[in-house]
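Peer 1: The structure follows.
The values are calculated or read from the model by the stated rules, or taken from the named source; none is laboratory data. Values in this document were obtained by computation on a predicted structure and should not be read as measured data. Heads up, the Cβs are rebuilt from the backbone with ideal geometry, glycines too, and the neighbour counts pull from every protein chain shown.
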Amino acid sequence: MAGESKKIDIQLEAPADFTSPEELYEELIKSVKRYHPSDDISMIEKAYKIAYEAHKEQKRKSGEPYIIHPLCVSIILADLEMDKETIVAAILHDVVEDTVMDLDELKEEFGQEVALLVDGVTKLTQISWDMDKVEIQAENLRKMFLAMAKDIRVILIKLADRLHNMRTLQYMTPAKQKEKARETMDIYSPIAHRLGISKIKVELDDLSLKYLEPEIYYELAEKISLKKDAREAFVNEIMDEVKVHLAESGIKAKVDGRAKHFFSIYKKMVNQHKTLDQIYDLFAVRIIVDSVKDCYGALGVIHELYKPIPGRFKDYIAMPKPNMYQSLHTTLIGNNGQPFEIQIRTYEMHRTAEFGIAAHWKYKESGSGQVAADSEEAKLSWLRQILEWQKDMSDNKEFLSLLKSDLDLFSDSVYCFTPSGDVKNLPSGSTPIDFAYAIHSAVGNKMVGAKVNGKLVPIDYVIQNGDRIEIVTSQNSKGPSRDWLALVKSTQAKNKINQWFKTELKEDNILKGKELITQYCKAHGINYSDINKPEYMEKVMRRYAFKDWESLLASIGHGGLKEGQIINKMLEERNKKLKKEVTDATILDEIGEGNKVPVSKKSKSGIVVKGIHDLAVRFSRCCSPVPGDEIVGFVTRGRGVSIHRTDCINIINLPEDEKERLIDAEWQQPENDTSSETYTTEIQIYANNRIGMFVDISKVFTERQIDISSMNVRTSKQGKATIIMTFDIHGKEELNHLTDKLRQIEGVLDIERTAG
């Protein structure tokens, strides 16, 4: 036990200074040879020489040669018994980013596999975590999980890289220390936990605590060390007793003791509102045996020897944790009244508990590492699940909160059974709805009730360990309720319910999304036609991973995305484009104090704008001015002057600093009164819907020989129709005659021109 405690204390301090990288390299080679079936280290040796040469001019903040860092990362991975490709990629992981060597050269020297690993780690290294910005954090987590999906070894290298950086964090500024420790606690430690790598996770937790809460960390260290001798004597006594009784029962076992790590103790103190003196399991005795049968045999011996505390026994062998962890846990009372914990597991379970996903790496004699297909399928189910539901989730805030709940290290589980006896592992607090969706989406969508242990229960019943649950379904069910989202605890159930609403109500959601966008633009004085362009839409769709615009609108409609997010992103893209074009000065310098100069247009009816010479004039689509309207010119960035009606919403709501762009403009009198020039305009007709309404409206246009270029009709459930019509006319007088005639049609309530 003394050796164990000493090891833990040393781990948390700065590593010993090595006089040369050669010593580290020797340590790496010894470590690899201990577990790898192949003695061929030529590839590792070549990688070391290249990395040594590439980094020879570089120093770390500690003043050490930079090559020490990749070597230490490689040693951490060798302790996890990783394949040679992973070790080589770890040695070279900073070569591409920090030096002149590129990926093509790397591929030529070490093969495609190593090059892909280095490329994956390089891309992860370039991710900048902003813990205060949900958008950035969520997007970067998406990138990380995609990198993990391509090859899980990428994240293993990154975890080892982060662990060594945390071990040497004392050389950073205090602000940088806290930033890196927070990233580690929020991102890397949970991932290490989910991949089952307690060997890395435990140390990341303790190092993070050391820099995030230094006072708590050192106070814990001091208090724990005070009674260390008494605790060690107590544990040694228990270990000796256990060894004797196991041997007498014919069970071959390795028995050792370990201290609980600081962060685990700290979390118990916080979550259970206890002081250190009230935390009784500061240490655990671990029994490692050859078989599962011996695990339960050893449990019987222990329970005969010591009195177990009721409710403190957990069987993680029959019901493993989601991260593959298996053990029997039992808390007992010692002969002196002191409680303590015993963990019982096989050697294979112990290896999995320490190394997690890394424990399942298989080797070929050639030295190339590969995870067996069946093992990979079983062990990476969590990652596959995340990749599936992140595709369907466009709201970054929701994605992040669900992901963090999924990564939560301290969420307990409940175990329940199907009527046929299959075990389901659900988050603590789950309801029958969670259980239904854990069975299948179709079961959840058709659920109308539930029975627990043969009795009907409400759907918000909280599942208890050992419950036998039966879901009552009906083909007449209309599907899940939105209220269910507040009742379910599992990420899987929330995602499947959201999916149902997205799919079943897509058409309604598309219309709702359009309405929300229109309302938002009107409320904020934004001219939607200015940003409603394929180039901006394409950027937004790519940003939120949608294949088509209707799917994005549907997402807005069901609440997955906020309309403000989309509009602001489109405005941002538009502003980026405008800034690249002609600057303000280019146009504004053209404005002098000269007289009105006609601007040439294709039409005979033009515009007269003060002080502008030979500059393009275009009519704004937001308000579609026609001859006879009062107009004003607005100097745009790089696109000449746009002509607006003076009652255009965009002109009325123009910010003060933009008003200097406004210039006088008026209609130029045509050379003759028979001008054939036409102008596009748009009106909205509000009417009570009835059969024959559109025929009557079309007749008015036909009689006046006015060509309708587009018509959009929307009818509410109350029978009110909104008809938006776009057409070409000669001027305002003709428009007035037309609208007067349209108002006479039965059922027409009002007519408006669009005003931005």
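Peer 1: Looking only at segment 483-498, which residues are surrounded by 17 or more Cβ atoms within 10 Å (Cβ to Cβ) and outside any loop (DSSP other than H, G, I, E, B)?
Peer 2: Residues of segment 483-498 surrounded by 17 or more Cβ atoms within 10 Å (Cβ to Cβ): 484, 487-498.
Of everything in segment 483-498, those that are surrounded by 17 or more Cβ atoms within 10 Å (Cβ to Cβ) and outside any loop (DSSP other than H, G, I, E, B) turn out to be TRP484, LEU487, THR491, GLN492, ALA493, LYS494, ASN495, LYS496, ILE497, ASN498.
Peer 1: Same structure, new question: Out of segment 327-366, which residues are assigned to a strand (DSSP E or B), modelled with pLDDT of 90 or more and not β-branched (Val, Ile, Thr)?
Peer 2: Step one: of segment 327-366, the residues assigned to a strand (DSSP E or B) are 328-333, 339-346, 361-363.
Those still in the list that are modelled with pLDDT of 90 or more too: 328-330, 342-346.
Hits for segment 327-366 are LEU328, HIS329, GLN343, ARG345.
Peer 1: Something else: Which members of segment 487-506 meet the condition of being free of Cβ contacts under 8 Å to residues at least 40 places away in the same chain and among the charged types (D, E, K, R)?
Peer 2: GLU504
Peer 1: Shifting gears a bit: Among the residues that make up segment 608-619, is at least one of them touching a Cys at 6+ places or on another chain (Cβ under 9 Å) and modelled with pLDDT of 80 or more?
Peer 2: Here is the first cut: in segment 608-619, the residues touching a Cys at 6+ places or on another chain (Cβ under 9 Å) are none.
No, the conditions are met nowhere in segment 608-619.
Peer 1: Here is a follow-up. Tally up the residues in segment 502-555 that are within 25 Å of the chain's Cα centre (by Cα) and of a type in the set (S, T, N, Q), please.
Peer 2: Total satisfying the criteria: 4.
Peer 1: For residues that are out of contact with any Lys or Arg (no Cβ under 7 Å at 6 or more places or on another chain) and modelled with pLDDT of 90 or more, tally how many sit in segment 432-444. Even if it seems obvious, please write down each step before you answer.
Peer 2: Of all residues in segment 432-444, those out of contact with any Lys or Arg (no Cβ under 7 Å at 6 or more places or on another chain) come to 432-433, 436, 439-440, 442-443.
In the following step, the residues that additionally are modelled with pLDDT of 90 or more were identified as 432-433, 436, 443.
Here the count works out to 4.
Peer 1: Let me ask something additional. Among the residues of segment 742-749, are any within 25 Å of SER620 (Cα to Cα) and polar (S, T, N, Q)?
Peer 2: no
Peer 1: Could you grab me the full set of residues in segment 449-479 that are surrounded by 12 or more Cβ atoms within 10 Å (Cβ to Cβ), modelled with pLDDT of 90 or more and over 17 Å from THR418 (Cα atoms)?
Peer 2: Listed by number, the list holds a single entry, ASP460.
Peer 1: Taking the residues in segment 171-194 that are within 15 Å of LYS210 (Cβ to Cβ) and either of a type in the set (A, V, I, L, M) or not assigned by TED's automatic domain parsing to the domain that holds ALA160 (or both) as candidates, determine which candidate is surrounded by the fewest Cβ atoms within 10 Å (Cβ to Cβ).
Peer 2: Top of the filtered list is MET172.
Peer 1: Just to be sure, is GLY719 among the small types (Gly, Ala, Ser) and modelled with pLDDT under 85? It would help to see each step written out before you state the result.
Peer 2: Working: among the small types (Gly, Ala, Ser): yes; modelled with pLDDT under 85: yes.
Yes, satisfied.
Peer 1: Would you check which residues across segment 37-65 are in contact with a strand residue (DSSP E or B) (Cβ under 9 Å, 6 or more places away or on another chain) and surrounded by 20 or more Cβ atoms within 10 Å (Cβ to Cβ) and list them?
Peer 2: We begin by selecting, within segment 37-65, every residue in contact with a strand residue (DSSP E or B) (Cβ under 9 Å, 6 or more places away or on another chain); these are 37-38, 52, 55-56, 58-59, 65.
HIS55, the sole residue that qualifies.
Peer 1: Just one of (1) loosely packed, with under 15 Cβ neighbours inside 10 Å; (2) at pLDDT 85 or above; (3) among the hydroxyl-bearing types (Ser, Thr, Tyr) trips up SER676, so point out which.
Peer 2: (2)
Peer 1: Looking at (1) touching a Lys or Arg at 6+ places or on another chain (Cβ under 9 Å); (2) surrounded by 20 or more Cβ atoms within 10 Å (Cβ to Cβ); (3) more than 21 Å from ARG621 (Cβ to Cβ); (4) modelled with pLDDT of 85 or more, which is the one condition that is false for GLY513?
Peer 2: Only one criterion is unmet by GLY513, namely (1).
Peer 1: Please count how many residues of segment 719-741 are closer than 17 Å to CYS623 by Cα, part of a loop (DSSP other than H, G, I, E, B) and within 53 Å of the chain's Cα centre (by Cα).
Peer 2: Counting residues in segment 719-741 that are closer than 17 Å to CYS623 by Cα, part of a loop (DSSP other than H, G, I, E, B) and within 53 Å of the chain's Cα centre (by Cα) gives 0.
Peer 1: Give the residue, chosen from LYS496, LYS478, that is more than 17 Å from PRO458 (Cβ to Cβ), in contact with a Ser or Thr (Cβ under 7 Å, 6 or more places away or on another chain) and not β-branched (Val, Ile, Thr).
Peer 2: Answer to the check: LYS496.
Peer 1: Could you look through segment 563-579, keep only residues that are buried (at least 16 other Cβ atoms within 10 Å of the Cβ) and among the basic types (Lys, Arg), and pick out the one that is farthest from LYS514 (Cα to Cα)?
Peer 2: Filtering first and then ranking leaves ARG574.
Peer 1: Also, quick follow-up: Of these, ASP728, ASP740, which one is touching a strand residue (DSSP E or B) at 6+ places or on another chain (Cβ under 7 Å), surrounded by fewer than 18 Cβ atoms within 10 Å (Cβ to Cβ) and not assigned by TED's automatic domain parsing to the domain that holds VAL608? Break it down into steps so the answer makes sense when it comes.
Peer 2: Details: ASP740 fails: touching a strand residue (DSSP E or B) at 6+ places or on another chain (Cβ under 7 Å).
Answer to the check: ASP728.
Peer 1: Okay, next question. For segment 268-322, enumerate the residues that are in a helix (DSSP H, G or I), modelled with pLDDT under 90 and more than 27 Å from ASN236 (Cβ to Cβ).
Peer 2: VAL270, ASN271
Peer 1: If we only count strands (runs of 3 or more DSSP E) wholly inside segment 408-482, which ones have 3 or more residues that are aliphatic (A, V, I, L, M)? Steps first, answer last, please.
Peer 2: Numbers: elements: 413-417, 423-427, 447-452, 455-457, 469-473.
Because the criterion is at least 3 residues that are aliphatic (A, V, I, L, M), the strands (runs of 3 or more DSSP E) in segment 408-482 that meet it are 447-452, 469-473.
Peer 1: Moving on to the next point. How many residues does segment 527-570 contain that are closer than 24 Å to ILE724 by Cβ, assigned to a loop (DSSP other than H, G, I, E, B) and touching a Gly at 6+ places or on another chain (Cβ under 9 Å)?
Peer 2: Summing the residues that are closer than 24 Å to ILE724 by Cβ, assigned to a loop (DSSP other than H, G, I, E, B) and touching a Gly at 6+ places or on another chain (Cβ under 9 Å) in segment 527-570 gives 1.
Peer 1: Let me ask you something else. Could you please give the count of residues in segment 210-254 that are touching a strand residue (DSSP E or B) at 6+ places or on another chain (Cβ under 6 Å) and among the hydroxyl-bearing types (Ser, Thr, Tyr)?
Peer 2: Residues flagged as touching a strand residue (DSSP E or B) at 6+ places or on another chain (Cβ under 6 Å) and among the hydroxyl-bearing types (Ser, Thr, Tyr) within segment 210-254 amount to 0.
Peer 1: So if I check each of ILE216, ILE200, which one is in the same structural domain as ILE75 (by TED's automatic domain parsing) and not in a loop (DSSP other than H, G, I, E, B)?
Peer 2: On the way: ILE216 fails: in the same structural domain as ILE75 (by TED's automatic domain parsing).
ILE200 is the lone residue from the list that is in the same structural domain as ILE75 (by TED's automatic domain parsing) and not in a loop (DSSP other than H, G, I, E, B).
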